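Working notes for the structure below.
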Amino acid sequence: MKSTMSDSATQSPFRPTLFQVLRLTLRDFWDHLGLAISFSLLHSLLIPLLISVPLSAIKLFHSPPHASYFLLILLTLPIFPPFFTAYCFVAYRICTGRSVSWAYLLQGFRQHYWPAMRLGLIQLVITFGLLANLLFYTYRHHPFGTLLPLFWAYILLCWSLLLLYQYPLLVLQENGVFDEENRRARRGALAAIRRSFFLTLGNPLYTLGLLCITALLVLLCFLTGIAWILLYPALPLQLVTRATCLLLARYALMPPPPQNTPIEDTPWHVEPNPESKITSEP
């Protein structure tokens, strides 16, 4: 027991880096390129289908635009949060070195449907509430000047940092990553938000860098067009899931990725010539 404790004490703790996150994410994405692209293609097909519903309601039933937009939100809420969580479930299996297929996508969608929908509802309410406060104090004259808009912009930035971890954490906690031997960890949307708060609070620079990389990746996908169809949202979801798994490996909740140690070469030496032995003999 003492030897194992001394060995663990001498070992340096695992600390993930953003470069490591990018390298492993690109490797994971390349190794499962077909599944990731087909998932992104399905996402690209769902968007115009959902948008066509409120547009048809405006033309056919002469409904007001605001009611049609509300209908669009009601349609996206039970679809996209479980849809994103399903791929995070597949990304979690990729990060742990297990096999993946479309069957696991369907399993992740079914297994995490209700917690993901509740999480999506909470995210929608909080995000729209923060945006409404930011816009209200930005375009309204008040004695505090720019102080209140900066405050709400800061709160919105902090909430954006928390959003990065919430879908992966929802998958991880539902699959028992946080369970102890005789104690079942809390499940549900609120538990995922609480854990995302503590992860962000303990790793602010790591999370801020992850937000910048994810935002830049989404922006590049949007500007190029074809990358939006083929890579979004599979690549950003793979990125945040891999970043979450590496961060949990720092706290020994998940195993760190295996080190790619080079294969040692055999020592170089000159083989003796068998003909010289024959000629040297009397």
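The values are calculated or read from the model by the stated rules, or taken from the named source; none is laboratory data. Nothing here was measured: the structure is a model prediction, and the numbers come from that model. FYI the Cβ positions are ideal-geometry reconstructions off the backbone, even for glycines, and counts take in every protein chain you see. SASA here: full protein model, heavy atoms, side chains in, ligands and nucleic acids out. Shrake-Rupley method; radii C 1.70, N 1.55, O 1.52, S 1.80 Å.
Just to be sure before I move on: is Leu148 at pLDDT below 90, over 19 Å from Gly176 (Cβ atoms) and either of a type in the set (Lys, Arg) or surrounded by fewer than 13 Cβ atoms within 10 Å (Cβ to Cβ) (or both) in the structure I sent?
Answer is no for this residue.
Which residues, taken from segment 91-103, are β-branched (Val, Ile, Thr) and open to solvent by 40 Å² or more (accessible area, probe 1.4 Å)?
Within segment 91-103, Thr96 is the sole residue that qualifies.
Does any residue of segment 135-144 turn out to be among the basic types (Lys, Arg) and under 22 Å from Pro236 (Cα atoms)?
Within segment 135-144, not a single residue is among the basic types (Lys, Arg) and under 22 Å from Pro236 (Cα atoms).
Please specify each residue of segment 179-192 satisfying the condition of being open to solvent by 30 Å² or more (accessible area, probe 1.4 Å) and modelled with pLDDT of 95 or more.
Leu190
Which members of segment 120-159 meet the condition of being β-branched (Val, Ile, Thr) and under 22 Å from Thr76 (Cα atoms)?
Residues satisfying the conditions are Ile122, Val125, Ile126, Thr127.
Would you confirm, using the coordinates I've provided, whether Leu199 is closer than 21 Å to Ala86 by Cα and surrounded by 14 or more Cβ atoms within 10 Å (Cβ to Cβ)?
no
Give the residues of segment 168-178 that are open to solvent by less than 30 Å² (accessible area, probe 1.4 Å) and closer than 16 Å to Thr241 by Cβ, sorted by residue number.
Pro168, Leu169, Leu170, Val171, Leu172, Gln173, Val177
Against the condition touching a residue at least 40 places away in the same chain (Cβ under 8 Å) and either on the phi > 0 side of the Ramachandran plot or assigned to a loop (DSSP other than H, G, I, E, B) (or both), how does Val171 come out, does it pass?
no
Can you go through Leu248, Leu223 and tell me which one is free of Cβ contacts under 8 Å to residues at least 24 places away in the same chain, out of contact with any Pro (no Cβ under 6 Å at 6 or more places or on another chain) and not hydroxyl-bearing (Ser, Thr, Tyr)?
Being free of Cβ contacts under 8 Å to residues at least 24 places away in the same chain, out of contact with any Pro (no Cβ under 6 Å at 6 or more places or on another chain) and not hydroxyl-bearing (Ser, Thr, Tyr) holds for just one of Leu248, Leu223, which is Leu223.
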